[in-house]
1. Neighbour counts of other C-beta atoms within 10 Å: give me 193, 37, 371 arranged from fewest to most.
2. Looking at the calculated P(r) for the chain, what percent of the C-alpha pair distances fall above 25 Å?
3. What is the range 2-395's relative contact order, in percent, from Cα pairs under 8 angstrom and six or more apart in sequence?
4. Estimate the FRET efficiency between residue 314 and residue 135 by the formula 1/(1 + (r/R0)^6), using the beta-carbon distance for r and 45 Å for R0, to the nearest 0.05.
5. What nm distance separates the two modelled labels at residue 170 and residue 88, each placed 7 Å from Cα along Cα→Cβ?
6. Measure off 7 Å from each Cα along the Cα-to-Cβ vector at residue 201 and residue 43, then give the distance between these two points in nanometres to one decimal.
7. Would you look at the GNM of the chain, springs on alpha carbons closer than 10 Å, and say which of 166, 234, 384 moves the most?
8. Among 309, 6, rank each residue by its count of other Cβ atoms within 10 Å, from fewest to most, as a rough exposure measure.
Ligand code: NAD
Ligand code: USQ
């Protein structure tokens, strides 16, 4: 297949591009490198030393013999160029990763809230209208998030894959309907993903676009078989308070002997998936698209759920690292239950990597190997959800020195 990977320089997009290329697909990456520019703005860097995009791509060609195309293009602001790229590449499939994806960054200031909405919603809408204008009949897989459902809304009932069956009262009794699961986002970033869902519903209904929305959990891990082939191909690893996600942050903290930064009680339960499974899920989704005319297919791209405190304890037991209970900078429930249906991916052949298999490897081969690159002042989460909230940084500015 000819596949356009939008956001193909990012944490999920880069390993997906290499995986699909390795599987024989022809890949063109589209990325405006905004994520790298945000690193500069935040004065932080990936824990792993990622190479410039063109160097990465030529290293892949050297290692694999396979070419990957690259177009530097801003999906939110360069509509005519999107149309031109679609016409030129004539993709069979498109993967859309290209959004601002950090909840803390999206809540940092009025400027980052506006940037996140402008960037994400315009990027998605431009893509959809460009598909209609060019009549390119590509299967589109978009990366959504488990956070669109919110946490705890339906108690212990398993979260269905996108749609909920409800009974609607009528004068004669009731009728059964399938509706998009109610949206309950917990940040401006997560809210943009709920807006994306409505755009997808409309364009699937009105224009027959074939869309799969992948409601992905928190991705952990760093390397895939392809990114591990050469150090120049290494994937990015975000550890800072804005972009670092919880499990990778705990692994990095354990490697440098920093207390594990649990927000609040740690009673929050979240869904997880290893990056190796992310890339497999994407190929499964692209090769099993919905029929034209059907509503967007929603797949929950998660393999396990864990309570944050259990994760911290597990890593603490493995490494001897202490736990620091910090005031939660976010506005979220202290505790929630979370059960998620992921029947579709399992039925389509996904064989998940479990936490117990990958954790130690990640600590020793990535976090410990690159720990000299950590800037300890960037670890604590400083973005607060509401003015006046206590920040974790108020309590914890001193970081224990390395052994
Ligand atoms: P990332 O920030 O590492 O990658 C996103 C890429 O998109 C970056 O390279 C960035 O430069 C590019 N991009 C952003 N806006 C763009 C625009 N307007 N035009 C062109 N390129 C643009 O993020 P990631 O962790 O790889 O996440 C990828 C997608 O998966 C996101 O949509 C995110 O919401 C979703 N997701 C991520 C996770 C996770 O844990 N990382 C979990 C669930 C869902
Ligand atoms: N948390 C801690 N300690 C930390 C960092 C985070 O306790 O040091 C807590 C947070 O308060 C939150 C939970 O861990 O309760 C998850 O935070 P996160 O930053 O790991 O994940 P989140 O903000 O939800 O966002 C990440 C990705 C996002 C993706 C989402 C999937 O950045 O792109 O959409 O995971 S999901 O969470 O399933 O919606």
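Readers should treat all values here as calculations from the given coordinates under stated rules, not as data from a laboratory. Just so we're clear, the structure is a prediction, and the values are computed from it rather than from any experiment. Note: ideal-geometry Cβ built from the backbone for every residue, glycine included; neighbour counts use all protein chains shown.
1. By the 10 Å Cβ count, ascending, the order reads 37, 371, 193.
2. Of the Cα pairs, 56 percent sit more than 25 Å apart.
3. Value for the range 2-395: 20 percent.
4. 0.30
5. Inter-label distance under the simple model: 5.3 nm.
6. Placing both labels 7 Å along Cα→Cβ, they lie 4.5 nm apart.
7. Comparing 166, 234, 384 in a Gaussian network model of the chain, the most mobile one is 166.
8. Sorted ascending by nearby Cβ count, the order is 309, 6.
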